[in-house]
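Asker: Before I ask anything, here is the structure I am working with.
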Ligand SMILES: Cc1cc2nc3c(=O)[nH]c(=O)nc-3n(C[C@H](O)[C@H](O)[C@H](O)COP(=O)(O)O)c2cc1C
């Protein structure tokens with residue numbers, strides 16, 4: 001099974017989650033990179049209104065990929081505009097399963113997951129599972145249990 005983990009991370013927490021997950025799943029790891037970074041207010045407002053911001057070219061075609069995993073921070077109870085751009089760019093996903101994992105300070109995970117779910121379901125993809133982590137658990141290392149359980153649900157092992 002070919003699994004692709006696509007992540008965006010500003011401060012490194014989601015990167016830690018995505019790297020851990022990709023290792024557990026032996027998955028391909030894709031970083032979503034902004035063309036340019038915007039200020040703090042722009043980050044929050046664009047996320048809140050589910051807007052898009054340009055990203056650098058990356059793998060968005062799912063031909064040959066069986067399962068997609070999106071890993072994102074929660075911004076304003078939604079996901080960063082860069083993640084919205086990536087989701088909008090995904091092709092070849094119709095009928096394929098996807099999973100979502102988000103990292104947050106403490107709240108807004110379900111509404112953030114809902115944004116990803118809606119965007120990929122509009123492309124005919126099938127939502128399977130989601131998980132949430134809290135930043136302090138990523139810092140302490142105790143997030144690994146959550147990621148392991150999430151990975152087991154994806155691989156079926
Ligand atoms: C613009 C912005 C908005 C945020 N909004 C939320 C939020 O609504 N809820 C929350 O729990 N954390 C929020 N956070 C905190 C991030 O989700 C948290 O710091 C996360 O671990 C960051 O991941 P990263 O290190 O991969 O960038 C926000 C952070 C930023 C920069």
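The values are calculated or read from the model by the stated rules, or taken from the named source; none is laboratory data. Nothing here was measured: the structure is a model prediction, and the numbers come from that model. Here the Cβ positions follow ideal geometry from the backbone for every residue, glycine too, while neighbour counts run over all protein chains shown.
Asker: Output the residues belonging to the range 16-37 that are outside any loop (DSSP other than H, G, I, E, B), closer than 11 Å to residue 71 by Cβ and more than 16 Å from the ligand (Cβ to nearest atom).
Answerer: none
Asker: Residues 99, 13: which one is under 26 Å from residue 144 (Cα atoms), surrounded by 14 or more Cβ atoms within 10 Å (Cβ to Cβ) and either at pLDDT below 95 or within 16 Å of the ligand (Cβ to nearest atom) (or both)?
Answerer: 13 is the lone residue from the list that is under 26 Å from residue 144 (Cα atoms), surrounded by 14 or more Cβ atoms within 10 Å (Cβ to Cβ) and either at pLDDT below 95 or within 16 Å of the ligand (Cβ to nearest atom) (or both).
Asker: Need the failing condition index for residue 77 against (1) in contact with a helix residue (DSSP H, G or I) (Cβ under 8 Å, 6 or more places away or on another chain); (2) in contact (Cβ under 8 Å) with a residue 60 or more places away in the chain; (3) within 14 Å of the ligand (Cβ to nearest atom), just the number.
Answerer: Of everything listed in (1) in contact with a helix residue (DSSP H, G or I) (Cβ under 8 Å, 6 or more places away or on another chain); (2) in contact (Cβ under 8 Å) with a residue 60 or more places away in the chain; (3) within 14 Å of the ligand (Cβ to nearest atom), residue 77 misses just condition (2).
So that you can scan it fast, the table gives a plain yes or no per residue for (1) touching a helix residue (DSSP H, G or I) at 6+ places or on another chain (Cβ under 9 Å); (2) assigned to a helix (DSSP H, G or I); (3) in contact (Cβ under 8 Å) with a residue 24 or more places away in the chain; (4) under 19 Å from residue 68 (Cβ atoms):
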{"position": "116", "(1), (2), (3), (4)": "yes, yes, yes, yes"}
{"position": "119", "(1), (2), (3), (4)": "yes, yes, yes, yes"}
{"position": "136", "(1), (2), (3), (4)": "no, yes, no, no"}
{"position": "150", "(1), (2), (3), (4)": "yes, yes, yes, yes"}
{"position": "153", "(1), (2), (3), (4)": "no, yes, yes, yes"}
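Asker: Related question: Among the candidates 106, 124, single out the residue that is touching a strand residue (DSSP E or B) at 6+ places or on another chain (Cβ under 7 Å), without any contact (Cβ under 8 Å) to a residue 60 or more places away in the chain and not in a strand (DSSP E or B).
Answerer: From the options 106, 124, the qualifying one is 106.
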